[in-house]
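We did not get these values from a lab; they are worked out from the coordinates using the rules stated. Just so it is clear, the model here is predicted, and its values are computed rather than measured. Don't worry about glycine lacking a Cβ; one is built from the backbone with ideal geometry, like all the others, and counts go over all protein chains shown.
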Amino acid sequence: MVFANTSLIVSCLVSLILVMLIIVSNPKRSLNRALAVYIASTFLWLFANLLTNVSSDPDISLFFARTTLVGAALIPYTFFVFC
C-alpha cells in the first residue's frame, strides 16, 4: 500500500506541475487551456484515489471513491475536447 500511495503522490505532483507550466506558458491559447483541463481532470482522479486510500473513516472514503468516478468520467470528455 505504501508504494501505491507514493506513486499516487508523485503522479499528483507531476500532473499539478504540468498544469501550472501549461497555463503559465500561454494562458490565452485555447489548446493550452484544453490540455490543462484534461490534465486537471487526471489530477482530480489521482488525488481522489489517494484520499480514498489514506482515509480511515468509511464515509469519507466513500465520498472520495465517488469523486474518483467523477474524475474518471471527465478524462475521456476532456481528451476529446483537447483533440
Simple spin-label model, 7 Å along Cα-to-Cβ: SER61 to ASN5 in nm?
1.2
With label points built 7 Å along Cα→Cβ from the Cα atoms of LEU13 and TYR77, find their separation and express it in nm.
3.1
With angles folded into 0 to 90 degrees, how steeply does helix 58-82 sit against the dominant principal axis of the chain? Use alpha carbons for both and round to 10.
20
Between [x] 13.1, 42; [y] 13.9, 42; [z] 17.7, 51, which matches Rg and Dmax of the Cα atoms in Å calculated for the structure shown?
[y]
Using 0.36 nm times the number of residues separating SER25 and ASN53, minus their current alpha carbon distance, what extension gain do you get?
6.7 nm
